[in-house]
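Worksheet for the structure shown next.
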Amino acid sequence: MKITVEEVRRVATLCRLGLSETEAAKLASELEAILAYVEQLRELDTSTVEGTSHAVPIVCPTREDRWRPSGIEDRLLQRAPVREDRFLRVPKIIE
């Protein structure tokens, strides 16, 4: 697929990038090479390849989600401008 310098300039304008003529020409040829490689990849038969979400198996360690005291509750409540029992009192914002 042919990428023109005008197309690169248009995208650069949309992205608010200032490119010199040399930079625009270089980007046009680089983008063209990338798209040519993507076309090569499209020719591969992947019908027998199982889809994956990661290239390597990943085991994500998890822990039980449980509450535990943080130790800052009392200090936070002491600094609150207005509180009610063990809660912060804030202005009502929705009628």
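Readers should treat all values here as calculations from the given coordinates under stated rules, not as data from a laboratory. Predicted, not measured: the structure shown is a model, and the values here were computed from it. Here the Cβ is made from the backbone with ideal geometry for all residues, glycine too, and neighbour counts use every protein chain on show.
Annotations
- Counting only alpha carbon atoms, the long axis of helix 21-42 and the longest principal axis of the chain meet at about 90°.
- The chain: angle of helix 5-14 to the longest principal axis, Cα-based, in degrees nearest 10: 10
- Positive-end residue of Val82, Cys15, Ala25, charge dipole of the chain with Cβ unit charges: Val82
- Using the Cβ of Pro81 as centre and a radius below 15 Å, the other residues enclosed give a net charge of +3, where K and R count +1 and D and E count -1.
- Residue of Ala24, Ala36, Ala80 that the Gaussian network model of the chain assigns the largest fluctuation, springs spanning Cα pairs under 10 Å: Ala80
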